[in-house]
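The values are calculated or read from the model by the stated rules, or taken from the named source; none is laboratory data. Predicted model, so just to flag it, every value in this text is computed and none were measured. Glycine gets a Cβ as well: all are built from the backbone with ideal geometry, and neighbour counts include every protein chain shown. SASA here: full protein model, heavy atoms, side chains in, ligands and nucleic acids out. Shrake-Rupley method; radii C 1.70, N 1.55, O 1.52, S 1.80 Å.
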Amino acid sequence: TKYADDWTADHWKAEVLLDTIDFEDEDAYEAAYNEVVKQRMAVIDALLSHSETDVNVQDIEGASALHCAPYEKRECALILRKLIERGADVSACSSKKRTALRLASSQDGSSMVSLFLSRTPDFSFEDRDGLNALHYAARSGNVETITEVLRACETHALDLSTARDKKGRNALHHVLSL
């Protein structure tokens, strides 16, 4: 869920630093990006250190902090670990019946998928479209992510490879439709 308030205005965002860097200077851009991440992590740490911060509160769409994490960014695994260590419910579902595992599976993030698979009691759970973790991993097209889900299926004697979504498609359908 994206919010429109002063904190999301461009002049308040730490990422405004990146606008001042020449993209061709990779070292300068990397240094600025790391500074932005450092500032963001400091804000997250400050909130998580406060005893009244509820990491499991869900918005009107059922999204928890785990659902709102920046899955496309490289620092996401660190953020997820912090949330989970603070007690975030890895099984929490959004109003679309999507868990954080589904979001991680849809990205190129096998380390995030491993993190969730090791803490999720039932990763065969389907969202309202009948999609499971393997379907989302297949949609990502990332071989490491798909392999992590398949490995977890073997460990738990679970066969998601034959599971079909509500449109009758299996994981192979999803990977071939990329």
Can you name the number of the only condition in (1) touching a residue at least 24 places away in the same chain (Cβ under 8 Å); (2) under 24 Å from R40 (Cβ atoms) that E85 fails?
-> (1)
Just name the residue that is modelled with the lowest pLDDT out of those in the range 104-119 that are assigned to a loop (DSSP other than H, G, I, E, B) and surrounded by fewer than 19 Cβ atoms within 10 Å (Cβ to Cβ).
-> D108
Note down all Cβ pairs under 7 Å where the first residue falls in the range 132-147 and is over 14 Å from H173 (Cα atoms), the second is among the charged types (D, E, K, R) and open to solvent by 40 Å² or more (accessible area, probe 1.4 Å), and they're at least six residues apart or on different chains.
-> N142/D108; T145/D108
Residues of the range 109-119 satisfying the condition of being in contact with a Ser or Thr (Cβ under 6 Å, 6 or more places away or on another chain) and closer than 14 Å to S91 by Cα | V113
Within the range 48-77, the residues that are open to solvent by 30 Å² or more (accessible area, probe 1.4 Å), hydrophobic (A, V, I, L, M, F, W, C) and either on the phi > 0 side of the Ramachandran plot or within 11 Å of the chain's Cα centre (by Cα) (or both) are A65, C68
Close pairs (8 angstrom Cβ cut-off, 6 or more residues apart or separate chains): closer than 19 Å to K96 by Cα and in contact (Cβ under 8 Å) with a residue 40 or more places away in the chain in the range 39-61, open to solvent by 60 Å² or more (accessible area, probe 1.4 Å) and not polar (S, T, N, Q) anywhere = E61/K96
Looking only at the range 126-140, decide whether some residue is of a type outside the set (D, E, K, R), open to solvent by 60 Å² or more (accessible area, probe 1.4 Å) and on the phi < 0 side of the Ramachandran plot.
-> no
